[in-house]
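Throughout, read-outs are computed from the coordinates displayed, never taken from laboratory work. Note that the structure is a prediction, hence the values are computed from the model and not measured. Cβ placement follows ideal geometry from the backbone for every residue including glycine, while neighbour counts extend to all protein chains displayed.
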Amino acid sequence: MFVRIKKSWELPESDVTPESIYVQRRTLLKAAGFSLAAGLIPTTSMGTSAGFPSNLNPKYPAGDLNVTKEDLITSYNNFYEFSFDKQDVAEQAENFKSEPWTLEISGMVHKPQKFDVNKLVNQLGNEQRVYRFRCVEAWAMVAPWDGFPLQKLVELVQPTSQAKYLRFVSFLDHEMAPGQVRAPQYPWPYNEGLTLAEATNELPLMVTGVYGKPLPSQNGAPLRLIVPWKYGFKSIKSITKIEFTDKMPKTLWSDLAPSEYGFYANVNPEVDHPRWSQKQERIVGTWFKKQETLKFNGYGDQVAGLYKGMDLKKWY
Ligand SMILES: Nc1nc2c(c(=O)[nH]1)N[C@H]1C(S)=C(S)[C@@H](COP(=O)(O)O)O[C@H]1N2
Ligand SMILES: [Mo]
C-alpha cells in the first residue's frame, strides 16, 4: 500500500515482507513454546459474542477453495490505526476496547438511529460465508467470515429516494490507536464508501466473526465490512458510522493517493496499479506461490451487472 513512513514505500508490501521471513518468525515463536492462538488473540480483546454459533450459508461454502489457516488470517493484517507492519498489528491491538460499541446510521434515511452492536447482531443474526479476499498489494486469502448481509441493515434504516452512496467511518482514538498518532498526515478516521446499488447487492457482509468466533481486534472488531469483489482496503474495519448521501464520498486512500486508489477498486487483472501488475496474486500461507487474478475476484456473476457500460480503466 502507500506508506509514507517506511523507506521501502515504493514497493508493494508483499515484496517488502517475503513470506519466508514471516514463516521463520512463526517457527521461532513456536520453538519458544508460545501457543500462537493463546498468545496472539487474547480473549479479552475479542469482539462481541452475540450471534454465535452461526450457520453456513449454503450458497457460499468452501467448495474448491483452499481456506487460509486461522492463525494466518489473525496474524497477517492490514490495520494502519495500530501498525504499518502486518505482523505487529495483533500485538498493537491487544488493548483495543471494542465493547460496548455503537454504530450510528445517519443522513438520507427514514430511520436514522444508533445501534448497540450486540443488540443489532442479536436482531439480524449471523451466517457464515466463505469468501476469497484480495488485497491491492497482490496477495490473496480465503476466509470463513461470520456476519449479516449489509442489505439487511440498509432495509432496516430505509434509505430515502435521494440516497445514492454510503459513507463508512472507522473510529478515532489516539490512545488506543498508535498509528493515528504516528501518521498525522493521514486523513483519519479511516473511511470508505460504496454506491447504494453495491451495498444492496447480496455479497457485502457486515462481519462480526471469523472461523465461527467473535472477530479479533486485529481483524476489525466488533464490526467490519467485507466486499469480496473489491480490493481489501474497501473492507473497512471497526465501523462507527454509516452515512447515506447523494455525493460520492471521499475515502482515506483516494484522498491520499487519488491516482493509485479509486472509489470503485474492483479487483481487475486488466487494470494495473501504477506501481505494480495486478495480473497475478500471491497466496498467503505459501512462500512464493502465485495464481491468476480473477476479474471481480471471481464474483462477476453476482456483480458485473453493476458496472454495465462503465469503463473500468477510468473508474478504477
Ligand atoms: N479501519 C481500517 N480498515 C481497514 C484497513 C485499515 O488500515 N484500517 N486496512 C484495509 C486493508 S488494506 C486490508 S487488505 C484489509 C485487511 O483485513 P484483514 O487484516 O482482516 O485481512 O482491511 C482493510 N480495512
Ligand atoms: Mo489491502
- Message: Neighbour counts of other C-beta atoms within 10 Å: give me 176, 248, 141 arranged from fewest to most.
- Response: 248, 176, 141
- Query: Given a cut-off of under 8 Å on Cα pairs at least six residues apart, what relative contact order in percent is computed for the range 13-307?
  - Reply: 22 percent
- Message: Rounded, prolate or oblate, given the Cα gyration tensor of the range 13-307, with a/c below 1.5 counting as rounded?
- Response: rounded
- Note on the structure: Diffing the range 238-243: the Karplus 3J(HN,Hα) column from phi (6.51, -1.76, 1.60, θ = phi - 60°), in whole Hz with x for Gly and Pro, holds 6, 7, 10, 9, 10, 10
- Query: What nm distance separates the two modelled labels at residue 310 and residue 248, each placed 7 Å from Cα along Cα→Cβ?
  - Reply: 0.8 nm
- Message: Neighbour counts of other C-beta atoms within 10 Å: give me 94, 127 arranged from fewest to most.
- Response: 94, 127
- Note on the structure: Rounded to the nearest Å, the spacing of the alpha-carbon centers of the range 218-240 and the range 119-147 is 8 Å
- Note on the structure: Two pseudo-spin positions, 7 Å from Cα along C-beta at residue 287 and at residue 106, lie apart in nanometres by 5.2 nm
- Given a Förster distance of 41 angstrom, what is the FRET efficiency for residue 151 paired with residue 87, based on the Cβ-Cβ distance and rounded to 0.05? 0.75
- Message: As a footprinting exposure proxy, order 282, 224, 275 by other Cβ within 10 Å, with the fewest listed first.
- Response: 275, 282, 224
- Message: Here is the link list: 247/314; 69/237; 247/295; 69/290; 97/247; 59/111. Which ones come out longer than 23 Å on Cα distance?
- Response: 247/295; 97/247; 59/111
- Note on the range 149-218: alpha-carbon gyration tensor, axes a ≥ b ≥ c; rule is a/c under 1.5 for rounded, else prolate if a/b larger than b/c, else oblate; result oblate
